[in-house]
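The values are calculated or read from the model by the stated rules, or taken from the named source; none is laboratory data. Quantities reported herein were computed from a predicted structural model and do not represent experimental measurements. All Cβ positions, glycine included, derive from the backbone under ideal geometry; neighbour counts span all protein chains shown. When the accessible area is computed, the model is the full protein with side chains, heavy atoms only, and any ligands, DNA or RNA have been set aside. Shrake-Rupley method; radii C 1.70, N 1.55, O 1.52, S 1.80 Å.
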Amino acid sequence: MDVGTLSLHRFNGTERFSIASAELFLLKGGDDSACSLLFEFEAADTPLATLPDTESLRAVPNGEFSVEVVSLDKDDLVGRAFSIPEGDIGGGGLARIYYVAHDAVRDWTLRVLERDGSQFRVSIEGFCTDVNYYDGSKSDARLVLDAWFALRPSQSSG
């Protein structure tokens with residue numbers, strides 16, 4: 001099964017990467033913390049499309065997105081959507097992408113589109129600082145991820 005793709009729509013064009021791995025973790029909260037879903041991904045070593053200003057960086061993007069939920073019922077995920085305006089609240093790391101440095105993903109929406117056994121197709125869209133201009137001198141990049149996330153065993157987060 002094809003895992004998916006990551007597209008970074010930058011000021012000077014679009015970079016595309018095939019996703020090598022995508023995993024979904026159901027994290028049980030401790031006594032005083034909420035449960036959460038953690039989506040982690042990593043791109044393949046060779047990009048599908050790159051741009052002249054980043055080609056020499058040989059980036060292999062990866063990232064993670066975390067959302068709090070009331071229940072960890074995996075049968076209730078399809079059709080759910082989560083919109084999170086911030087990418088990092090007090091260092092909590094709700095969403096981040098790593099290209100050549102870590103950066104928060106802001107104004108992001110995660111949608112669970114479908115399920116095939118223990119695989120969940122997820123679409124994530126958001127914005128991050130341009131991956132080659134971390135000083136903010138260029139417009140933000142729009143991140144679009146569409147991938148099949150493999151469900152991993154539940155873990156305790158507390």
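Let's see how each residue does on (1) among the charged types (D, E, K, R); (2) open to solvent by 30 Å² or more (accessible area, probe 1.4 Å); (3) within 12 Å of the chain's Cα centre (by Cα):
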| site | (1), (2), (3) |
| --- | --- |
| 15 | yes, no, no |
| 23 | yes, yes, yes |
| 28 | yes, yes, no |
| 78 | no, yes, no |
| 82 | no, no, no |
| 96 | yes, yes, yes |
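For residue 19, the conditions (1) free of Cβ contacts under 8 Å to residues at least 60 places away in the same chain; (2) buried (at least 19 other Cβ atoms within 10 Å of the Cβ) all hold with the exception of (1). Report yes if residue 45 is in contact (Cβ under 8 Å) with a residue 60 or more places away in the chain and either in a loop (DSSP other than H, G, I, E, B) or under 19 Å from residue 129 (Cα atoms) (or both), otherwise no. Here the answer is no, as residue 45 does not meet what is asked.
Test residue 100 against the stated conditions and say whether it is in a loop (DSSP other than H, G, I, E, B), hydrophobic (A, V, I, L, M, F, W, C), modelled with pLDDT of 95 or more and more than 16 Å from residue 144 (Cβ to Cβ).
no
Can you find a residue in segment 54-74 that is part of a strand (DSSP E or B), among the basic types (Lys, Arg), open to solvent by 20 Å² or more (accessible area, probe 1.4 Å) and touching a residue at least 40 places away in the same chain (Cβ under 8 Å)? For segment 54-74, residues part of a strand (DSSP E or B), among the basic types (Lys, Arg), open to solvent by 20 Å² or more (accessible area, probe 1.4 Å) and touching a residue at least 40 places away in the same chain (Cβ under 8 Å): absent.
The number of residues in segment 114-157 that are part of a strand (DSSP E or B), open to solvent by less than 70 Å² (accessible area, probe 1.4 Å) and either polar (S, T, N, Q) or more than 13 Å from residue 10 (Cα to Cα) (or both) comes to 14.
Condition test on residue 39, is it at pLDDT 95 or above, surrounded by 13 or more Cβ atoms within 10 Å (Cβ to Cβ), touching a Gly at 6+ places or on another chain (Cβ under 9 Å) and assigned to a strand (DSSP E or B)? Break it down stepwise before answering.
Values: at pLDDT 95 or above: yes; surrounded by 13 or more Cβ atoms within 10 Å (Cβ to Cβ): yes; touching a Gly at 6+ places or on another chain (Cβ under 9 Å): yes; assigned to a strand (DSSP E or B): yes.
Yes.
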